[in-house]
Amino acid sequence: MRVEDAPPAGWYPDPEGGSRLRWWEGTDWSDRYRAPPTPGVVEIRAAYEREHADDFGQSIDGVPLPPRMGGMSRADSEAIINQVRMAARAEAERAAQMFGAQARSATSQLGPLISEYTSKFTRWIRIASVAAVILLVAWLAFQIFAQVSLFEWIGDRIDNITDDEDGLGVASMVLW
């Protein structure tokens, strides 16, 4: 592109993307950025430029220079200052509302996140507790069964030994 064909210096949408504006120096992009103006500021600026269209012609950083001193009364300058104050207050309130909304959103997302991990932890504790109780009951049942079986086996052995001696003695006597 030729230098003569380049757009004039001013604020333009950032060519790298995003919603911010970037200063075009007329030949190259600078490292200066700013947020785009809000609709209220744009309306005030457009109304002011319409009222004083013949007094403009030059700008610095995309902001028009004020009208010549001779063409503006004290009441006009106070009206402009009040408009700028109202626009600044509106912008500050909008920023505070956006910040408040983002803060509420972040805190509302933090609660479920904590309860999600807490509930996962308590769920694993419950599962481990149930498994421990089941294993304890199974071990107790095995111990009871094993002891009863052992005692029955020992009792049967003792009975067999005593029965065999008595039975052998009686049988041997009959057979002899």
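The values are calculated or read from the model by the stated rules, or taken from the named source; none is laboratory data. None of these values were measured; they are calculated from a predicted model. Glycine also receives a Cβ, built like all others from the backbone with ideal geometry; neighbour counts cover every protein chain displayed.
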*What is the residue count in region 12-43 for residues that are modelled with pLDDT of 80 or more, of a type in the set (A, V, I, L, M, F, W, C) and surrounded by 13 or more Cβ atoms within 10 Å (Cβ to Cβ)?*
4
*Under 6 Å between Cβ atoms, at least 6 apart or on separate chains: pull out the pairs that start in region 101-112 with a residue that is aromatic (Phe, Trp, Tyr) and end on any residue that is at pLDDT 70 or above and assigned to a helix (DSSP H, G or I).*
none
_I'd like to check something: does region 33-45 contain any residue that is within 27 Å of Glu91 (Cα to Cα) and in a strand (DSSP E or B)?_
yes
*For region 83-100, which residues satisfy the criterion of being under 26 Å from the mean Cα position of the chain (by Cα) and free of Cβ contacts under 8 Å to residues at least 24 places away in the same chain?*
Ala92, Glu93, Ala95, Ala96, Gln97, Met98, Phe99, Gly100
*Given (1) modelled with pLDDT of 75 or more; (2) in a helix (DSSP H, G or I), number of the condition Arg50 does not satisfy*: (1)
